[in-house]
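What follows is a single structure, written as structure tokens, with notes after it.
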Amino acid sequence: MKRLSIEERLGTTVFDQFEEPHITVDNRLCVDCVEKPCLNTCPSRLYTLHEGVLTFQYEGCVECGTCRVVCHNGGNKAVRWTYPHGGLGVRYREG
Amino acid sequence: MPDEKFDCIVVGAGLAGLAAAYQMATDGLQVLVVEKAKVPGQKNVSGGRMYSHALAKLIPRFWEEAPVERAVTREGVTFMTRESAFSIDFESKKLGDLHNSYNVLRTKFDAWFSEKVAARGAMIIPGARIDRLHIEDGQVKGVIAGSDKLLADSVVLAEGANPLLAEQAGLKPPLKPHQTAVGVKEVIKLGADVINDRFRLGMDEGMAQVFVGAPTSGLPGGGFLYTNRDSVSLGIVMPIDSAMGFEHARDKRRQVPELVEDFRTHPYLAKLLRGGEVVEYSAHMVPEGGYRQVPKVLAHNGALLTGDSAGFVINAGLTFRGMDLAIESGRIAGVAVKRAKDKGDFTRGGLKEYERLLKQSFVLKDMKRFRNAPGFLSNPRMYTTYPEMISDLFETLFTVDGEKHLSRKEVRQVLMRHVSPVTLAMDALKGVRSL
């Protein structure tokens, strides 16, 4: 089996799309965050750096909560975390 | 939404919540289960093996009707370096005859369990995200979802590993990176016949295998492989503090999503999984802090903490348990709520029976017994030094070149290349004492 990119793997998982992000990141706070532990711990790699600016996209979130834990313990508490509304978001078929 | 008042509202249709609801509905209580997924099970993930004993108390011989994948009859432990794998392989028909444990896929399994709960008379509202607990004068009296307020004499918190409501209400301290692991899993479709052949399994027989060393790039944590009916669940679990790997923050190999790819494409697994297809990618947190992480207070005024929300997980190195602890804690919560109702007292005093029964049960007894395991398992030598040492030793033993004659002295020299005799002896002693 060949290596798969994270995008290819997330493509195998079903998501019910929604408009309003369930996780918001105040990336002004990220400027002062040296470690940026979200970058290498998010299983969906939704946190990335673009020319030094931290960007986050909520589509593809599998709702594990890891970013909440790392951002509030080693990060700069920039992440605000809830689950998506009413059954939207990740929908596992295997689990 | 119903406007009546329930005896109990259960937050979360995972195994803890469903077990609590099943117990209470069986006792004739008015129970409401609220679940954020559209169908119970669609947001639930586990590595993949459930020890049967806890659920069998509630539903005897559940495996005859439940959508279990395979009965585990084969157990493996593999110490892995980048190039080698040393395995302990145990196979016993007896494990299957005892119905000791089953590989499960939770979306199917929990959907089945929720139907059993509904058939007992509990009401289940799926697709409902609870925003906060409804608290009056320090007493939990229900839950709030958007503009809806749902009232109950008690709330069973079975929110899972990411317990937002309990944290928000101050019922438990926030999760810490050294007490919490992140698990990442790929379900890989192979076909039942291929699985039977490659893993040497009979029909409906299953395998559970854990891996130490290379899967987590030599950091604390490990890999797992569970066989399902026609797929395997493959993944890694690592403590969040070791996944944070600050000094390697820009090193792609240390990124969680890449570790599982390294693992799947390791020579040992690449051959076993040849021709397979990844059909789902998932991730979940695991509260691995053990007994010392469990909050002292589990029964609050009007609310009980169960399952992953309470930190009921045992990582004992060779056995990983969470599902059986979740089910038993849920069942006991159900018993405690019934007794509180009989007394008409839903304060902490009335619900304290929950803590007493938990202490008498295997949940807290087993957690206490393995209380030193998290400390032992945080020893970095377990993930680098020892897998390398084992690999070196067996490569030496199995290499014949007509010159070397392996003596006891040489074996000793191989071992000492990796670790001092004192360190080895002390680690072995700690292992025996804590596992």
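The values are calculated or read from the model by the stated rules, or taken from the named source; none is laboratory data. Everything numeric in this text was worked out from a predicted model, so none of it was measured. Counting neighbours? That spans all protein chains shown, and the Cβs are built from the backbone with ideal geometry, glycine included.
Assorted remarks:
- Boolean, residue B:263 is within 14 Å of chain A (Cβ to nearest Cβ), in contact with a strand residue (DSSP E or B) (Cβ under 9 Å, 6 or more places away or on another chain) and not basic (Lys, Arg): yes
- Looking across region B:381-412 at every residue that is part of a loop (DSSP other than H, G, I, E, B) and among the β-branched types (Val, Ile, Thr), the one that is nearest to residue B:218 (Cα to Cα) is identified as B:384.
- Subset tally (residues that are buried (at least 18 other Cβ atoms within 10 Å of the Cβ), farther than 21 Å from residue B:59 by Cβ, more than 14 Å from every other protein chain (Cβ to nearest Cβ) and charged (D, E, K, R)) for region B:80-137: 0
- Condition check for residue B:204: surrounded by fewer than 24 Cβ atoms within 10 Å (Cβ to Cβ), among the charged types (D, E, K, R) and within 14 Å of chain A (Cβ to nearest Cβ): no
- Residue match in region B:214-229 (condition: at the interface with chain A (Cβ under 10 Å from one of its Cβ atoms) and either part of a loop (DSSP other than H, G, I, E, B) or without any contact (Cβ under 8 Å) to a residue 60 or more places away in the chain (or both)): yes
- Scanning region B:363-380 for residues that are surrounded by fewer than 16 Cβ atoms within 10 Å (Cβ to Cβ) and part of a helix (DSSP H, G or I) yields B:365, B:368, B:369, B:375, B:380.
- Criterion applied to B:335, B:294 was being aliphatic (A, V, I, L, M), farther than 23 Å from residue B:224 by Cα and within 20 Å of the chain's Cα centre (by Cα), and the one residue passing it is B:294.
- Test: residue in region A:34-46 that is more than 9 Å from chain B (Cβ to nearest Cβ) and either surrounded by 20 or more Cβ atoms within 10 Å (Cβ to Cβ) or within 21 Å of residue B:281 (Cβ to Cβ) (or both): yes
Rundown of residues vs (1) touching a Phe, Trp or Tyr at 6+ places or on another chain (Cβ under 8 Å); (2) aliphatic (A, V, I, L, M); (3) part of a loop (DSSP other than H, G, I, E, B), yes/no style:
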site	(1), (2), (3)
A:4	no, yes, yes
A:9	yes, no, no
A:68	yes, no, no
A:76	no, no, yes
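- Scanning region B:124-143 for residues that are farther than 14 Å from residue B:36 by Cβ, aliphatic (A, V, I, L, M) and touching a His at 6+ places or on another chain (Cβ under 8 Å) turns up just one, B:140.
- In the set (1) away from every other protein chain (no Cβ under 11 Å); (2) more than 14 Å from the chain's Cα centre (by Cα); (3) surrounded by fewer than 20 Cβ atoms within 10 Å (Cβ to Cβ); (4) at pLDDT 95 or above, the condition left unmet by residue A:26 is number (2).
- Leading residue by the ranking (farthest from the other protein chains (Cβ to nearest Cβ)) among those in region B:268-287 that are of a type in the set (D, E, K, R) and more than 28 Å from residue B:242 (Cα to Cα): B:271
- Check on residue A:63, within 13 Å of chain B (Cβ to nearest Cβ), of a type outside the set (Val, Ile, Thr), in a loop (DSSP other than H, G, I, E, B) and within 24 Å of residue B:161 (Cα to Cα): yes
- Which numbered condition residue B:183 misses (of (1) within 9 Å of another protein chain (Cβ to nearest Cβ); (2) touching a helix residue (DSSP H, G or I) at 6+ places or on another chain (Cβ under 9 Å)): (2)
- Region B:6-56, subset buried (at least 24 other Cβ atoms within 10 Å of the Cβ), part of a strand (DSSP E or B) and in contact with a helix residue (DSSP H, G or I) (Cβ under 6 Å, 6 or more places away or on another chain), residue nearest to the other protein chains (Cβ to nearest Cβ): B:50
- Residue list for region B:140-180, filter: part of a helix (DSSP H, G or I) and either farther than 30 Å from residue B:32 by Cα or more than 10 Å from chain A (Cβ to nearest Cβ) (or both): B:165, B:166, B:168
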